[in-house]
1. Scan the stretch 367-376 for residues that are outside any loop (DSSP other than H, G, I, E, B) and surrounded by 17 or more Cβ atoms within 10 Å (Cβ to Cβ) and jot them down.
2. Please go through the stretch 166-180 and pick out each residue that is surrounded by fewer than 19 Cβ atoms within 10 Å (Cβ to Cβ) and in contact (Cβ under 8 Å) with a residue 12 or more places away in the chain.
3. Taking Arg249 as the residue in question, decide whether it is basic (Lys, Arg) and modelled with pLDDT of 95 or more.
4. Please report, ordered by residue number, the strands (runs of 3 or more DSSP E) entirely within the stretch 257-311 with at least 1 residues that are under 16 Å from the mean Cα position of the chain (by Cα) and closer than 23 Å to Asn239 by Cα.
5. From (1) over 24 Å from Tyr207 (Cα atoms); (2) assigned to a loop (DSSP other than H, G, I, E, B), pick out the condition that doesn't hold for Glu106.
6. Can you tell me which residues in the stretch 439-473 are more than 21 Å from Asp423 (Cβ to Cβ) and surrounded by 19 or more Cβ atoms within 10 Å (Cβ to Cβ)?
7. Tell me which residues, restricted to the stretch 276-295, are closer than 27 Å to Ile60 by Cα, surrounded by fewer than 21 Cβ atoms within 10 Å (Cβ to Cβ) and not aromatic (Phe, Trp, Tyr).
8. Got a number for residues in the stretch 35-55 being in a loop (DSSP other than H, G, I, E, B) and in contact with a Ser or Thr (Cβ under 6 Å, 6 or more places away or on another chain)?
Amino acid sequence: MAKNWGFCGPSYTAQSPNVDDEDAMNCYCERSESTGAKVPIALLGTPGRKVFAQFPESSIPFDFTVNGRTFFAASQLYEVDASGNVTVRGSLGAAPTRPTMITANETQLVILNNGDLFVLTLATNAFIVVNMGQFNGPINQIGFDDGYIIATLQDSHTFQVSNLEDATTWSGLDIATLSLFPDNIVSLLCDHREAWFYSGKKTAVYYNAGAGFPPFIPVQGAFLEDGAAATFATVQLDNSAFWLAQDERGFLTAKRASGYAGERVSTHAIESEWQSFATTADAIGWTYQENGHPFWVILFPTVSKSWAYDVSTGFWHRRGFWNARNGTYIADRAMCHTFNFGKHLVGDWASGTVYDLSSKYFDDFGNVIRGYRRTPTISDENKFVQYPSIEFDIDAGLAPIPPILDGDGQPRPAQLMLRWSNDGGRTWSNTYSLSVGAGGEYSHRVIKRMLGRARKRIWEVSWTDPIPWRFADAYLELVPED
């Protein structure tokens, strides 16, 4: 009997499926922090969501919370309250052609849409359009640092700084051109009272020196020999900066700041997949933390795929929205996140909907969440191995909510679907449905017997029923042949 053989694990689909064809869709790993735990790693289903608020928009690209108030931006600026009631605070001119951005100083909310700036005075809700004649062109990104709003200009290596605590006024003296690299600024992140400016090849870090025009100057020695591959994938998480990196030698590794250096957190498997995408410069990153797991979720809009990195384990997994009509995945339906009212609120890239994201929900706003785990390849030096049985150690006996009815209209137990491949994931067996027990059958065993033999085998289990899917392990009975 084999246990702890890698059933609970991350996504790692190597260039050759003969080497490794592991995958984890809509599920992630949790390391046991107790020495008395039955298993070192468990496998948990990703959270579901329900509708929180609805706007007349085609997407909700950005959100922001300040002083307990939560705002969403698309063609208009919206504010929502704890009950999901919506108030329009001002027009942003037109539907965004690229992600909007929102930041704030002590008294103002600052919104960037289609290169133009807008300001909402938080005390009075007065909304104005900033005079863009104060800039030498449209704005690319904005950030807040030490009372100032920093704006990078599109297609340039120039940034401009607002007056202190006043995002409506931008002096022509407070403009700086980065001399540390010749390339245009690709991405901006304000973190730890510093401004990180990423080109496509290098990164320079500035700080507020308290004097000069502008007051931000380079941090001595804070220079990275790689830049950013995507403007809007750069994020803050776990008290650090994360970004999709590139330099003169290549692109699309995921990195985390370690001091003033980049520490690679991606794997060869996902780097190979990302680098096969036709377009990645439009990648969008968002972050959240639930149950002690800090997640960086990356949306690749052109190919409609989503990946997630869990800082607590260092593992990657996929996220996807299941289209039951045609049996395919598209990207996870979130592209931004804010936390308020005790809720994780995420904006949809495919509609004007804001969702409450939570592990207490077991469907995607009424749609099934289809998760699956594809295991490491089981092989004994390419010799035949017999498989008398496989058993899944799972939280059994949990009744689906809402109930699922069988063909006779009666509630049926939740089911796990099992199949396997003997040729590295190129072809698959039939799919077998395994009951995980009716409600209250907590001791129910989820087991399949008489599984034949193979020289190498990959197992795959999938699920769609609305219960909390939690796996401790899978126990595989195998008998090597001489």
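1. Gly371, Tyr372, Arg373, Arg374, listed by residue number.
2. Correct list: Asp166, Thr168, Thr169, Ser171, Gly172, Leu173, Ile175, Thr177, Leu180.
3. Details: basic (Lys, Arg): yes; modelled with pLDDT of 95 or more: no.
In short, no.
4. Details: elements: 262-264, 284-290, 293-300, 305-310.
Qualifying strands (runs of 3 or more DSSP E): 284-290, 293-300, 305-310.
5. The failed condition is (1).
6. Scanning the stretch 439-473 gives Val446, Trp463, Thr464, Asp465, Pro466, Ile467, Trp469, Phe471, Ala472, Asp473.
7. Scanning the stretch 276-295 gives Ala278, Thr279, Ala281, Asp282, Thr287, Gln289, Glu290, Asn291, Gly292, His293, Pro294.
8. Of the residues in that region, 2 qualify.
The values are calculated or read from the model by the stated rules, or taken from the named source; none is laboratory data. All values derive from a computational prediction rather than experimental measurement. Here Cβ is always computed from backbone atoms with ideal geometry, including for glycine, and neighbour counts include all displayed protein chains.
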